[in-house]
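What follows is a short report on a single structure.
The values are calculated or read from the model by the stated rules, or taken from the named source; none is laboratory data. This one's a predicted model, so the numbers in the text were calculated from it and none came from an experiment. Neighbour counts run over all protein chains shown; Cβ positions are idealised from the backbone, glycine included. Keep in mind that these areas ignore ligands, DNA and RNA; they rest on the heavy atoms of the full protein, side chains included. Shrake-Rupley method; radii C 1.70, N 1.55, O 1.52, S 1.80 Å.
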Amino acid sequence: MKVYGLIGKSGTGKSFQAVNLCKQLNIESIIDDGLFICRNKVMAGISAKRQPTKVGATKTALFHKEAHMEEVRGKIKKVKPSSILVIGTSDGMVDKITRRLELPKIGKRIYIEDITTEAERALAKKHREEMGQHVIPAPTFQLKRQFSGYFMLPMRILFRELGSWKDISEKSVVRPTYSYLGEYKISAKVMSDIVECVKRDSDSVAEILKVALSPVQEGIDIFITANFKFGGNLIEETKQFQQDVAAKLEEMTAFNINRLDLEVKDLV
């Protein structure tokens, strides 16, 4: 296995540059902020950007917890990538990650200053410090469960080839909890209002009686009690309403809807 190191100070755009660098050097996988990403898929790990504090984020990036380290180490041994890029803020950090994961010694070290301009690094720093934005070199749908409730959006990277634009990769932008000025909370009132909005667009729902929610590890569970209008195909109508509510809640709140139960109290 060939091991590369990508080194640069925090906020200089390492994760943003990682995918393009892997394509240029034909590197198969990435270790970045606690995640093992291989062939554009998150294979194992916990993202440091999920942690509530910067100290916790640093420990996660260094695989401080034994269970986290063993999970990623085991997955690497199982997948057996031909090459891997270890991302860190210093030589010491990438060396420590390499030792913790029992990887071969780093054969080539790449410094962010060698592959980016000063203007690019300044822009990356601005996005980090002023907007709290962090890049993860993996598609958004791969991170959905890990980042339920976090602000997240996809970033597609394009290049021009023979007169047309070609999609070569997707990265994700998140704003971790530790970058916020305060905390976020799940508001039952907001969830109820969203459900009411979906109900107004439905011809089959007569009344929403109750909306209850329960936070779980990978998102939230929703329980809805409603009255439906008499005369329709109840099974199809309830399925459609469940799908519409789940889609709208995920779209408007960024929370992963782990489960949505619907009780039909009456037909009116």
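Observations
- Leading residue by the ranking (most open to solvent (accessible area, probe 1.4 Å)) among those in segment 93-107 that are within 20 Å of Gly74 (Cβ to Cβ), in a loop (DSSP other than H, G, I, E, B) and aliphatic (A, V, I, L, M): Leu103
- Tally, over segment 60-72, of residues that are out of contact with any Phe, Trp or Tyr (no Cβ under 8 Å at 6 or more places or on another chain) and closer than 20 Å to Leu6 by Cβ: 4
- Scanning segment 229-264 for residues that are modelled with pLDDT of 90 or more and more than 18 Å from Ser192 (Cβ to Cβ) yields Lys229, Phe230, Asn233, Leu234, Ile235, Glu236, Glu237, Thr238, Lys239, Gln240, Gln243.
- Any hit, segment 161-173, residues being in a helix (DSSP H, G or I), closer than 30 Å to Thr58 by Cα and modelled with pLDDT under 50: no
- Hey, Ser90 open to solvent by 10 Å² or more (accessible area, probe 1.4 Å) and in contact (Cβ under 8 Å) with a residue 12 or more places away in the chain or not: yes
- Any strands (runs of 3 or more DSSP E) falling wholly within segment 22-86 and containing at least 2 residues that are open to solvent by 20 Å² or more (accessible area, probe 1.4 Å): 41-45
- Here segment 210-268 is the region considered, the condition is being in a helix (DSSP H, G or I) and of a type in the set (A, V, I, L, M), and the residue that is surrounded by the fewest Cβ atoms within 10 Å (Cβ to Cβ) is Ile235.
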